[in-house]
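See structure below.
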């Protein structure tokens, strides 16, 4: 009898464990080529992984630091083990191109299944088997988890973060005795938790916001032992320090600092509320259920784990003014676990007895109450599974593979012996998105393959195309980058390109306005017309960079007249003075056309000096109050040589093939739980070659 009961329990445990993994295998590994499309960031990470795989080091460019190295290192290690890409004998055949994309996509699906396993084990150890089952099912089937299919750093770091949390909750399993063997095992568990969190941070810096969560678990599960916490903290700090240490070793520490500051403070603003709103549109059930669970766990159960999991990273996104949907990947397990805790605990609070009903109904009520968590998760799970299945069985990405195969075939047919020998770099120039460039750079070894925003285009001959072949893969992002109707290039102005305009009048030289792109402008409104005698501008890194600028004046804020153009000295951090005579204006605009280091505009402070024209007795030139400032973009900016060259290359080509996708058929207006129209570069690609 006891043995049969034990066997039944084991069978139940087995099915509770296997069902979420089976669901996750389907939702995350099924049809990897069909959905989703490959994105720009994914192409960049693939390129960096293959860069490492070829023995070229972890830093792709000595002048650009955006993320630590472990993500590409991890991909490169896996690729090396399986012999990718050489093991598939890559060619221009469509199947071969599809396989090049298939392998990394399947890898991400496998990582998602591992994530599901870790969510189960964390929940089982921290709470109980029922919470573990519900949390892992939610993680496996809810629509928002399709993000784990993308080759994102956030997807790569998640299993390492979850492993860190798991080892942290396992620490208290070694409290039974104080033997030396047990102490050693406990120390290993603590170090493993720290190592895995260190690797997560070494993958992407925002993972540092998980330090309070894992630190809280380590501290609480080790009898609040500070020495244990210190031991755990060592790898958490030391592993990510490899990144700046490497930059210092190669003499590039200043660029590392610039890159980190740019990532944290200078990128275009992506408001947190907009990202949360998008999350709600795509998966309202998980967001509401998880948020309610987090509040319930903290307020009612006094369980701070879900709260510490989500609050620090939300605050980080809020204060950096930058967040995207995929940045929420690390908090998805927290929402699933908190939602599971809410479902299980509330079902327990339902009264099991009712004296007003007969015994037969009491029995039915008891059975219903005991199975309520599974009934609830079955309803939510079916909803999530159907929604996700509708999504992952679509085919919205095939046009990308077809376009890449066409270009590879064109190289084969027109490259002759050079193509076969992989030595056609002197004859072919390819301009495309990073979605495709990693294949041509590191699989077919074409050195002259550029992103259309790559400054290296400037190095190509402006006087005329001298390469035998020029191939351009023009998607909708490419077309939006240049305005071809008037044969001028305009970097599309949006409010998201600029941040911190008010910083130029806050009298704080530690803050600044930053804007991306040539023609970035900032306009100072003086309220009424004033006689202007001088303008002082404190340029960011003014002692290192020389800024190209134009100063224009306007009496109505609409029509501006250029009053000065020039370059900053590049020799001082102090405000540089620009003097004027006989200028009356209400608005002053400063247009910046890049600097000696990059195409950014960045100003710490602006001060306008002058007086009111109507005064009979004119005072000396005095500092005028600036009523308001606003950032913008000046479309009359002269073209850079890079843009001139890009247009010249475009003009030398003609469309030879067009590939249309179906991504626009699966947007969030038609499918509330679909890809949010997630097709970077649009759903059409024109392949153009020179005439």
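Bear in mind that the values in this text are calculations on the coordinates, not laboratory data. These numbers come from a predicted model, not from an experiment. With ideal geometry, Cβ positions are generated from the backbone for all residues, glycine too; neighbour counts draw on all protein chains shown.
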| task | Starting from the alpha-carbon convex hull of segment 496-638, give the projected area averaged over all orientations, in nm². | result | 8.0
| remark: Checked segment 183-275 with the C-alpha gyration tensor, a ≥ b ≥ c its square-rooted eigenvalues, rounded below a/c of 1.5, otherwise prolate if a/b is larger than b/c and oblate if not; verdict oblate
| Calculated FRET efficiency, residue 245 and residue 225, Cβ-Cβ r, R0 30 Å, to nearest 0.05? | 0.50
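For residue 690 and residue 270, what does the FRET efficiency come to when R0 = 35 Å and r is the distance between their Cβ atoms, rounded to the nearest 0.05?
Values: r = 38 Å, r/R0 = 1.08.
Computed FRET efficiency for residue 690 and residue 270 comes out at 0.40.
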| Cα shape, segment 208-354, gyration tensor, a/c 1.5 rule | oblate
| request: With label points built 7 Å along Cα→Cβ from the Cα atoms of residue 644 and residue 582, find their separation and express it in nm. | output: 3.4
| request: Output the relative contact order of segment 231-329, whole-number percent, from Cα pairs under 8 angstrom with separation of 6+ residues. | output: 36
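Take the Cβ-Cβ distance between residue 480 and residue 185 as r, set R0 to 35 Å, and report the resulting FRET efficiency rounded to the nearest 0.05.
Once rounded, the FRET efficiency stands at 0.05.
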| said: At a 10 angstrom cut-off on C-beta neighbours, averaged per residue, how do the peptides 275-286, 331-342 rank from highest to lowest? | reply: 331-342, 275-286
| said: Strictly greater than 34 Å: what percent of every Cα pair in segment 2-392 meets that? | reply: 34
| What is the order of 42, 60, fewest Cβ neighbours within 10 Å to most? | 60, 42
| message | For segment 49-110, report the % of Cα-Cα distances exceeding 14 Å. | response | 61
| How do 376-382, 229-235 rank on mean C-beta neighbours within 10 Å, highest first? | 229-235, 376-382
| query | By per-residue mean of other Cβ atoms within 10 Å, what is the highest-first order of 258-265, 51-58, 601-608, 383-390? | reply | 601-608, 383-390, 258-265, 51-58
